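Below you'll find the structure, written out as structure tokens, and then a few comments.
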Amino acid sequence: MYNYVEDGDSKTTAYVEKDQDKYQQFMARIEAGEKIEADDWMPEEYRQALIKLISMHGISEIMGALPEKEWTPKAPTLRRKLGIMAKVQDEMGHGQLLLRVAEDLMKPYGKTREDLIEDLLSGDLKFHNVFHMPTKTWADAGMVGWLVDGAAIMSQTNMLDASYGPYQRALQRICQEEVFHAQHGEAIIMALAEGTEYQRDILQESLNRWWPALLMFFGPSTAATTGSSKQDIMIKYRVRKSTNEELRQAFLDKYLPRVFSLGLTVPDETVHYDKEKQQWIYEQPNWDEFKQIIRNKGPKSKERLRLREIAYENNRWVRQALVPKTVES
Ligand SMILES: [Fe+2]
Ligand SMILES: [Fe+2]
């Protein structure tokens, strides 16, 4: 899933490409709607921004499978168990696909997918804020599919026409699978919403807990006007179309009416639609907390990183078996 998230204070300095002729040709290509391929010339700023975006996206797919994996043995029926297993498998596949795209971009620096896993474990590579959160009840498994994958579809649809061909093609495939994930989540939510009082209670409790993390999902709404923030760079290079706040508004537009129609509430009494401004008004989540979460200081950050580390160590022999042995002289 998951788009690149800014932590709000990471402005980049203005970039000036040395080779202006090549830069102008490159900009003309993307403005004409052409796709850039891995071996094509590209400005350093574009390559670096893509590596950051795609590696964060890829690693979040993998880390995102962990909270749902916790519910695989505890799913209430065999059908649900099969559904959640299939989703977990899809997410790992998305991760692999994206990390391969990132690896091609990192070739000039000699960096590999293994290095990205090392970066994750050392804390240099961040993963999405929602996957630092606990999944306490079965309702959380539904909430992740319904609203987290729902938010992911919004941010990925925003990049379906991205100027970088390998990423754009990967997103086309990923988005198709994400739609199934959202439907799987919605089916769990609907069953709980139509269920017993206890089931409705755990559903409401889950939404109350997930609400701030869902608002944080798209990142802070730092104005995309300076030309130097990460979202500006992505818009300039036609990787994404909308700003963080535009995406959050589209998410609220789509899901708040559904939330209310199920008789659920959100834990924010100020939430309403302002017809004049044509936007949802809501209380800002705590963005300082957001920064802490994505710096691996969230409630489940350490535990999930440890799980990934154990899997990485246990599977080392598989990776070694796949690498052709060097001939010793
Ligand atoms: Fe995914
Ligand atoms: Fe998904």
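Figures for the structure shown
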| read-out | value |
| --- | --- |
| Where labels lie 7 Å past Cα in the beta-carbon direction, separation of D104 and L78 in nm | 4.2 nm |
| Span-rule helices in the chain, defined as complete DSSP H runs reaching 27 Å or more along the axis (Cα) with Kyte mean at least -1.0 | 44-69, 78-106, 165-193, 197-216 |
| Gaussian network model of the chain, Cα within-10 Å springs - most flexible of L207, L171, L262 | L262 |
| Estimated FRET transfer efficiency when R0 is 51 angstrom, pair A187-A38 (beta carbons, to 0.05) | 0.85 |
| The chain: radius of gyration over Cα atoms, expressed as a fraction of 2.2 N^0.38 Å | 1.03 |
| Added length on full extension, which subtracts the Cα-Cα distance from 0.36 nm per residue, R29 to E118 | 28.5 nm |
| Within the chain, helix-based [θ] at 222 nm, where runs of 4 or more DSSP H residues each add -39,500 (n - 2.57), nearest 500 | -19000 deg cm²/dmol |
| Additional length obtainable on full extension of the chain from T265 to L160, 0.36 nm per residue less Cα span | 34.6 nm |
| Set K136/K302; K18/K52; K87/K277 screened for pairs whose C-alpha atoms are more than 27 Å apart | K87/K277 |
| Ratio Rg/Rh [Cα only; Rh per Kirkwood] for the stretch 111-198 | 1.08 |
| Protection proxy ranking, peptides 263-276, 286-299, average beta carbon neighbours within 10 Å, highest first | 286-299, 263-276 |
| Of K81/K297; K230/K297; K126/K291, pairs whose Cα-Cα distance is over 21 Å | K81/K297; K230/K297 |
| Rounded, prolate or oblate (a/c below 1.5 giving rounded, otherwise prolate when a/b exceeds b/c) for the stretch 101-259 by Cα gyration tensor | prolate |
| Cross-link reach list, aspartates and glutamates versus K35, counting only Cα pairs under 19 Å and skipping chain neighbours closer than eight places | D21, E44, E45, E103, D104, D161 |
| Amide N proximity, the stretch 37-58 versus K18 label position 7 Å along Cα-to-Cβ, cut-off under 17 Å | 41-48 |
| Kirkwood Rh, angstrom, the stretch 173-261 [1 / mean 1/r, Cα pairs] | 15.4 Å |
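No lab work stands behind these numbers, since they all come straight from the coordinates. What you are looking at is a predicted structure, and each value in this text was computed from that prediction instead of being measured. All Cβ positions, glycine included, derive from the backbone under ideal geometry; neighbour counts span all protein chains shown.
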